[in-house]
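**Student:** Okay, here's the structure, questions in a sec.
The values are calculated or read from the model by the stated rules, or taken from the named source; none is laboratory data. This is a predicted model, so every value here is computed, not measured. Positions of Cβ are backbone-derived with ideal geometry, glycine not excepted, and every protein chain shown enters the neighbour counts.
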Amino acid sequence: MNASRSIGAALLLCLGLATSARAAEDGVLDHVEANAPAARALAQDIWRLAEVGYLEEDSSRRLQGFLADRGFEVEAGVAGIPTAFVASAGSGEPVIGILAEFDALPGLSQAAVPRRQALEEDGAGHACGHHLFGAASATAGAAIAAWLAETGRPGTVRVYGTPAEEGGSGKVYLTRAGLFDDVDVMLHWHPSDRNDASPSSSTANKSGRFTFTGIAAHAAAAPERGRSALDGVEAMNFMVNLMREHVPQDARIHYVITDGGDAPNIVPETAQVYYYVRNPDPEVVKSLFERVVDAARAGALGTGTEMRYEVMHGNYPVLPNDVLARLVHGNLQRLGGIEYDDGELAFARELRNTLGGKLPPVESAEEVQPFVFRQNMGSTDVGDVSWMVPTVGFGTATWVPGTPAHSWQAVAAGGTSIGHKGMLLAARLLAVTAVDLFESPELRAAARDEFEGRRGSDFEYEALLGDRDPPLDYRL
């Protein structure tokens, strides 16, 4: 069956789901609601912890404990990552997986108030809402496990605890270790400022740290005896910035100098710059990254310094699946959006005043966005998973409409009932979608047909980050 026929067949299946399936969904929704108080508490615990990539020890333990208390068998420390885990419930086939993230971002500590107020100076914050991500996925998993046990239906639900999404590519190491090889369908979601289940893709991404080594000397008394590592960094950056004129329109290259020396009167002995390269095509990313490496080599040659680089992470673009997206979109339309109470409206309106640009109305949190393909310019390690198993994701309004990710405003709303409402909508949507997939082998087959058609019969997975070990210290 070709992809268009698969999509058409799946649409008929989605429209024709039986009354018994709707009754099953009502049952799993009851389990979500029963776990709602514990889910809010779990999310707030992880929000307060705000642990960054590969250091999420307490956050991971709390998620594992939540699932273990609800009958899951938990395997911790998978794929060589101490904070990664796989939690399983049920038995047999099909296997439906749910991804759960829980890492925070550095430097974005924020109280749950609609004005800039850090909880901890230079502390981390959940500016991408991964505390909600992990808690919703665990809550949905628990509801599905209870439904499987209650109905006696065969099948396995797995919740994958995936650390370090923010630049650490945690899921890539789980993919490389084969932990998704027997999964029939993978579900995921992400906090957002809107409710949207449209099919989407992302950019492939490869990053690296470039470290230059020179010769220290007194910058005034003996400059001729020094070789500046910072000059090497600046020469590299200059050449890469010239290169921007000669790259595809949809490429992105960005960097930050992570070490520029210690004092102006000391010729810097070491300096470092951290680069990201993005494009929707992973082959283009590979070639652009090699051009960046060439610029680094040239910078070192021209400044009399030495250069070494370390690939930090690499992600594939998300492989969309229209069959699954239409299923999720239909379920989201039935479940509806987010309605604020008076206190939430007041919070949202005050926070909205801190946002710039043209903003959607606060009330748009109640809406479901139209179904249309979206090309996102960001990157995610969900991409690698999506090339190994049919995968679908969506977003719910956990933030005030108009709020960008990676902002203090996202941290603030994510620590309030606004974030919790979006989280519980996500848990319900994950749960009912899983029920549909457990109950319809035809739907799973149609999704698999489209997946194989898009991926191609000759695809062989090779991680963009190569065979490196997980960079467990990348946030230190």
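**Student:** So how many residues does the stretch 264-294 have that are acidic (Asp, Glu) and either outside the structural domain of Ala222 (by TED's automatic domain parsing) or under 26 Å from the mean Cα position of the chain (by Cα) (or both)?
**Tutor:** Residues that pass the stated criteria total 3.
**Student:** Would you mind telling me which numbered condition in (1) more than 29 Å from Arg444 (Cα to Cα); (2) of a type in the set (D, E, K, R); (3) within 31 Å of the chain's Cα centre (by Cα); (4) surrounded by fewer than 19 Cβ atoms within 10 Å (Cβ to Cβ) Asp193 fails?
**Tutor:** For Asp193, the failing item is (4).
**Student:** Just to confirm my filter: which helices (runs of 4 or more DSSP H) fall fully inside the stretch 387-476 and include at least 1 residues that are under 30 Å from Ala346 (Cβ atoms)?
**Tutor:** In the stretch 387-476, 408-414, 417-439 are the helices (runs of 4 or more DSSP H) which contain 1 or more residues that are under 30 Å from Ala346 (Cβ atoms).
**Student:** Among the candidates Arg444, Arg428, Arg374, Arg349, which residue alone is assigned by TED's automatic domain parsing to the domain that holds Ala135, under 28 Å from Arg115 (Cα atoms), in contact (Cβ under 8 Å) with a residue 12 or more places away in the chain and among the basic types (Lys, Arg)?
**Tutor:** Answer to the selection: Arg349.
**Student:** If you scan the stretch 140-185, which residues turn out to be outside any helix (DSSP H, G or I) and among the charged types (D, E, K, R)?
**Tutor:** Arg153, Arg158, Glu165, Glu166, Asp181, Asp182, Asp184
**Student:** Return the residue satisfying two criteria in turn: it lies in the stretch 273-289 and is of a type in the set (Ser, Thr, Tyr) and surrounded by fewer than 23 Cβ atoms within 10 Å (Cβ to Cβ), and of such residues it is farthest from Asp231 (Cα to Cα).
**Tutor:** Selected residue: Ser287.
**Student:** Run Ser417 past the list (1) of a type outside the set (D, E, K, R); (2) closer than 19 Å to Ala136 by Cβ; (3) within 18 Å of the chain's Cα centre (by Cα); (4) surrounded by fewer than 21 Cβ atoms within 10 Å (Cβ to Cβ) and report the number of the one that doesn't hold.
**Tutor:** Every condition holds for Ser417 apart from (3).
**Student:** With the condition kept exactly as written, say whether any residue in the stretch 295-305 is exposed (fewer than 15 other Cβ atoms within 10 Å of the Cβ), assigned by TED's automatic domain parsing to the domain that holds Glu166 and either in contact with a Gly (Cβ under 9 Å, 6 or more places away or on another chain) or in a loop (DSSP other than H, G, I, E, B) (or both).
**Tutor:** The answer is no, given that none of the residues of the stretch 295-305 is exposed (fewer than 15 other Cβ atoms within 10 Å of the Cβ), assigned by TED's automatic domain parsing to the domain that holds Glu166 and either in contact with a Gly (Cβ under 9 Å, 6 or more places away or on another chain) or in a loop (DSSP other than H, G, I, E, B) (or both).
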